[in-house]
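This report refers to the structure that appears directly beneath it.
Coordinate-derived values only; no laboratory data. Just so it is clear, the structure is predicted and the values come from calculations on it, not from any experiment. Cβ: placed from backbone, ideal geometry, glycine included. Neighbour counts: every protein chain shown.
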Ligand SMILES: C[S@@+](CC[C@H](N)C(=O)[O-])C[C@H]1O[C@@H](n2cnc3c(N)ncnc32)[C@H](O)[C@@H]1O
């Protein structure tokens with residue numbers, strides 16, 4: 001039996017599951033790896049070999065930088081390793097699924113994306129069904145969640161009422177997404193254009209691709225971030241008396257054998273810009289913590305858009321509420337991996353600190369947040385079990401067990417049900433309205 005791992009840590013270890021998304025029960029067409037008998041990849045995307053640097057190049061590049069300018073922050077290391085334009089982990093290949101390094105909820109069961117779509121629809125209606133509106137997805141991966149959402153909104157005859165905005169840094173994944181979602185696609189050569197690619201779905205929804213959230217047009221928007229914040233660079237800070245010092249990455253001077261690590265962690269001697277800037281909450285009890293300036297920046301931008309233009313934010317990720325200290329880790333071939341070994345060949349990630357997300361979103365008093373609530377609770381409250389029953393009833397007998405196991409994996413607290421959390425953001429002006437009509441899935 002094939003096995004694979006999520007990136008959620010339980011008791012210090014990632015949990016293991018069987019690879020479920022292999023059946024053809026979906027109404028939409030998905031790759032059937034068992035039948036195809038080949039690598040599970042996104043739709044075929046050509047990458048010119050000469051454009052790809054080997055991970056060795058990234059190691060050399062990082063070493064040269066450290067030797068020239070001194071040790072770098074963990075955030076800088078993470079940014080280079082994940083999104084370096086030539087050899088970054090996400091930039092030139094498909095990293096999801098059985099042949100990749102990890103799998104995410106939308107890839108496990110269609111029920112996940114369908115329930116997120118129903119949530120979007122129900123909360124949009126609660127806010128008066130403003131049209132036209134935008135759906136923005138941050139870091140859409142293979143585009144599976146977007147595809148399930150487009151499918152559900154098309155069933156409600158809404159395809160022409162909204163535009164879809166994908167914020168994706170990876171050229172490989174943006175091409176894979178467009179091939180999955182769009183009937184027609186066009187690359188935009190003009191460097192001044194706020195989007196670098198556009199396309200139209202078969203249902204008639206216009207889709208745009210942007211490098212950054214700031215490039216997405218200002219309008220009422222539903223902003224989705226599924227397993228996006230965990231991929232943003234984190235700084236690691238360590239308390240030293242009254243000072244916060246920063247963990248840095250240096251070249252390993254003791255490397256003698258090939259399998260020794262090229263890099264090592266060290267502690268900054270004095271303040272770094274981030275350890276200086278970082279403002280802990282009152283009575284912070286942790287002596288070690290992870291802090292993402294980039295996550296603060298994105299959440300702040302999301303909140304500012306939602307309070308000014310109207311809209312809703314939904315963040316789904318593994319995370320904690322300010323109690324965890326040391327979650328920076330790497331995954332390779334569905335196994336935990338040393339983040340300092342062979343940079344560029346493994347995913348780097350850290351748990352989302354939802355307390356910090358809430359603190360930033362509510363900073364100006366114009367946003368109201370709900371959650372985090374556990375994924376299992378959210379999906380069950382959104383009617384997941386009824387949808388499961390319906391799918392099982394309408395599927396072939398040989399697929400029924402797989403469909404049930406997929407839903408169990410998403411909702412079981414011992415699997416993904418508890419460590420993955422849902423968190424939502426609304427304009428504070430609708431607070432009283434939401435007291436009368438509580439946010440679906442959260443109560
Ligand atoms: C962990 S994957 C999650 C993919 C997808 N949301 C899912 O759950 O299957 C992270 C995604 O964010 C994208 N990404 C990472 N850093 C980014 C950045 N700074 N700006 C835009 N996209 C980024 C990656 O290319 C990838 O699509």
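Looking at the chain, send over the antiparallel percent of its DSSP beta bridges, to the nearest 5.
Numbers: 47 of 71 bridges.
In the chain, DSSP labels about 65 percent of beta bridges as antiparallel.
Quick check on packing: order 160-169, 118-127, 321-330 by the mean number of other C-beta atoms within 10 Å, highest mean leading. Could you put the intermediate results ahead of the total?
Values: 160-169: 21.1, 118-127: 18.9, 321-330: 16.7.
So the peptides 160-169, 118-127, 321-330, ranked by packing, come out 160-169, 118-127, 321-330.
Report relative contact order for segment 43-186 in percent, whole number only (criteria: Cα-Cα under 8 Å, sequence separation at least 6).
Details: 144 pairs, mean separation 37.9, N = 144.
Rounded, it is 26 percent for segment 43-186.
With n ≥ 4 as the cut-off for DSSP H runs, can you work out [θ] at 222 nm for the chain, using -39500 (n - 2.57) per run divided by the number of residues, rounded to the nearest 500?
Numbers: 14 runs with 141 residues, N = 443.
That calculation yields -9500 deg cm²/dmol at 222 nm.
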What does the highest-first list of 333-343, 99-109, 187-197, 58-68 look like by mean Cβ count within 10 Å? 99-109, 333-343, 58-68, 187-197
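Using only the alpha carbon atoms of segment 361-408, find the Kirkwood hydrodynamic radius as the inverse mean reciprocal pair distance, in angstroms to one decimal.
Numbers: mean 1/r = 0.0765 Å⁻¹.
With all distinct Cα pairs of segment 361-408 included, I get 13.1 Å.
Mind pulling up the Rg/Rh value for segment 147-267? Radius of gyration and Kirkwood radius, both on Cα. The partial results should precede the final answer.
Numbers: Rg = 21.5 Å, Rh = 18.1 Å.
Ratio of gyration radius to Kirkwood radius: 1.19.
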For the chain, longest principal axis from Cα atoms; helix 74-83 axis from its Cα atoms; angle between them, nearest 10 degrees, is 50
Nearest 10 degrees, 0 to 90: helix 110-126 Cα axis against the chain principal axis: 70
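Highest mean first, how do 345-352, 252-259, 69-76 rank when packing is the count of other Cβ atoms within 10 Å averaged over residues? Mind showing how you got there, number by number?
Working: 345-352: 24.8, 252-259: 7.9, 69-76: 17.6.
The packing order, highest mean first, is 345-352, 69-76, 252-259.
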Cα axis of helix 384-393 to longest principal axis of the chain: angle in degrees, 0 to 90, nearest 10? 60
Cα centroids of segment 146-189 and segment 255-306: how far apart, whole angstrom? 34
Relative contact order as a percentage, the chain, C-alpha pairs under 8 Å and 6+ apart, gives 18
Over the chain: Kirkwood hydrodynamic radius from C-alpha pairwise inverse distances, Å: 22.7
